[in-house]
1. When you scan the stretch 119-135, do you find a residue that is among the β-branched types (Val, Ile, Thr) and closer than 26 Å to residue 51 by Cβ, even just one?
2. Which residues, counting only those in the stretch 19-33, are touching a Gly at 6+ places or on another chain (Cβ under 7 Å) and either at pLDDT below 90 or not assigned by TED's automatic domain parsing to the domain that holds residue 77 (or both)?
3. I'd like the full set of residues that are among the basic types (Lys, Arg) and free of Cβ contacts under 8 Å to residues at least 60 places away in the same chain, limited to the stretch 103-134.
4. For the stretch 151-179, give me each residue that is farther than 21 Å from residue 108 by Cα and touching a Lys or Arg at 6+ places or on another chain (Cβ under 6 Å).
5. Among the residues that make up the stretch 220-228, is at least one of them assigned by TED's automatic domain parsing to the domain that holds residue 118, surrounded by fewer than 17 Cβ atoms within 10 Å (Cβ to Cβ), at pLDDT 80 or above and not β-branched (Val, Ile, Thr)?
6. Say we look at the stretch 6-49 and pick out the residues that are touching a Phe, Trp or Tyr at 6+ places or on another chain (Cβ under 6 Å) and among the β-branched types (Val, Ile, Thr); which of these is farthest from residue 105 (Cα to Cα)?
7. So if I check each of 190, 135, 186, 141, which one is under 30 Å from residue 76 (Cβ atoms), out of contact with any Ser or Thr (no Cβ under 6 Å at 6 or more places or on another chain) and not in a strand (DSSP E or B)?
8. Give the stretch 161-180 a look and list any residue that's of a type outside the set (A, V, I, L, M, F, W, C) and surrounded by 21 or more Cβ atoms within 10 Å (Cβ to Cβ), or say none.
Amino acid sequence: MLCGDTMKLSKPVCCHDIEKMDVMDVSGKKVGKISNLTFTFDGSLKLKHFILGGSRMEEFLEAINLRPNEDPVFECTVIKKIDTHIHLDTSVNSLKDFHGTISDDEIKFSDLRKLEIIDKNGEKVGQAINVDFDLDGRTALIAGGGLLEEKLEAFGLKEDVDIIVPFKVIVSIGESIKLSVSKDELDTSLDGMLRERAIEIKNQRAAAAAHSHDKKVRVPIYPRYGLG
């Protein structure tokens, strides 16, 4: 699962979803929201820590140095499940003990979503915008901007498709996200994939609209590597 066998997902979620949810302690009391997440990268993104933020007023007071920043940092094992809320398996008082240390090799989501995606020749092809968590616990890096957004717009699919970057084409994540393939290879790959699936995706769009729900299709940036 996403974090061992302790944490369950009721449906696929992404980091942006998680940041909007209320965090509930074991008694059902609201204790705040997740202000950030951290990952490690070793062939794939692995969720490591959650950072719990307080109320808006508490955040404001911390920002102007009128109170110390004591947002707990805790490992994902503290979270029991995620549905419409984030449910902890501990009480709000015990969270005071969860001041974990974020190591140098951890990547904050707030930093990750600003990184440019660079091809093997150093050319920019897009940027990271989100991380998706599937029911089986796998993570997927969602990308946009640059070449990727241009391709979706050219096929009229910008609102229907999430572009996934398979981890097998990611060489490293640091000051940028470096890929093992070239911009030309990605251009050809995406052109073929979107051309092949455009009608199918547009039909899914129509079906989703008829049932008043959103349905995005996940398309890998480089299909022969799958979704990660």
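The values are calculated or read from the model by the stated rules, or taken from the named source; none is laboratory data. Remember, predicted model here, so these are calculated numbers, not experimental data. Quick reminder, even Gly has a Cβ in these numbers, built from the backbone with ideal geometry, and neighbours come from all protein chains shown.
1. Yes - at least one qualifying residue is present in the stretch 119-135.
2. 32, 33
3. Within the stretch 103-134, 114, 124 qualify.
4. 152, 160, 162, listed by residue number.
5. Scanning the stretch 220-228 turns up no residue that is assigned by TED's automatic domain parsing to the domain that holds residue 118, surrounded by fewer than 17 Cβ atoms within 10 Å (Cβ to Cβ), at pLDDT 80 or above and not β-branched (Val, Ile, Thr).
6. 13
7. 135
8. None - no residue of the stretch 161-180 is of a type outside the set (A, V, I, L, M, F, W, C) and surrounded by 21 or more Cβ atoms within 10 Å (Cβ to Cβ), so the list stays empty.
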